[in-house]
Amino acid sequence: MSIKRALFRVGVVFAVAFIAGCGGSKVVGGGNNGFGAVDPQSVVRGSFTDPRDGGQYNTVQIGEQTWMAENLKYEAEDSWCYRDDESDCEEPGHGRQYGWETAKAACPDGWHLPNREEWGHLMAAVGGVRKIDKKGYVDYDVAGKKLKSRSGWASGGNGADDYGFSAMPGGYYESGLGGMWVGHHGYWWSATEHGSGGGLYHRMNYDNDLVFEASGIEKDVKSDDWYSVRCVQDN
């Protein structure tokens, strides 16, 4: 057997083993960071009721992760509804916004605030391409288009929502200023701490298809910045 043919067979065996190890998800494209893009048709949709307050949430299994397909709306200390109106928290996709310390413990039992690695797995699963520019900024190209909701974003900046994640542009809350950038940007906490002592977060924008990972380079996250929370199910 020639060396080329032997290497080809090894490659085929490896590829088959990799796909078989991905559970029920179908790998349909070249991945990054060791993960492939998950076929949107393999996504499993479900629902969850928070036993603490009876809050109901759509859920979506993307690859091996199960996410809430809505922002958390559980009322906790150091949380806020847009315009200080409780009814806004019940609007589809809006939810509440939380300070980082509160966000880390806000998810119900069996769920948790995702860390940087778990966000990265999601980005790769939907085909996001991780890039780092000369200033050290990290973003995932394409991922925003696939995760953003099909309505609600300013200036026609809606997404395809291929995976049912339905990311909405809730903006963020800053003490003394109120809601900022609602309709234009969405901000979601990560459980991972960055160098300035706050939490790393991810942002989606109305004017591009990126998911931006803010690790304290863009700005120091102040203690009175409150962002949205997406919970991921414990493994």
If you take the residues in region 151-161 that are touching a residue at least 12 places away in the same chain (Cβ under 8 Å) and closer than 21 Å to Ser228 by Cα, which one is nearest to the chain's Cα centre (by Cα)? Asp161
Among the residues of region 125-140 satisfying the criterion of being touching a residue at least 12 places away in the same chain (Cβ under 8 Å), among the hydrophobic types (A, V, I, L, M, F, W, C) and surrounded by fewer than 22 Cβ atoms within 10 Å (Cβ to Cβ), which is nearest to Tyr201 (Cα to Cα)? Val138
Restrict the check to region 94-109 and report whether at least one residue is under 20 Å from Lys148 (Cα atoms), at pLDDT 95 or above and crowded, with 23+ Cβ neighbours inside 10 Å. no
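The values are calculated or read from the model by the stated rules, or taken from the named source; none is laboratory data. Just so it is clear, the structure is predicted and the values come from calculations on it, not from any experiment. Reconstructed Cβ throughout: ideal geometry from the backbone, glycine too, with neighbour counts over all protein chains shown.
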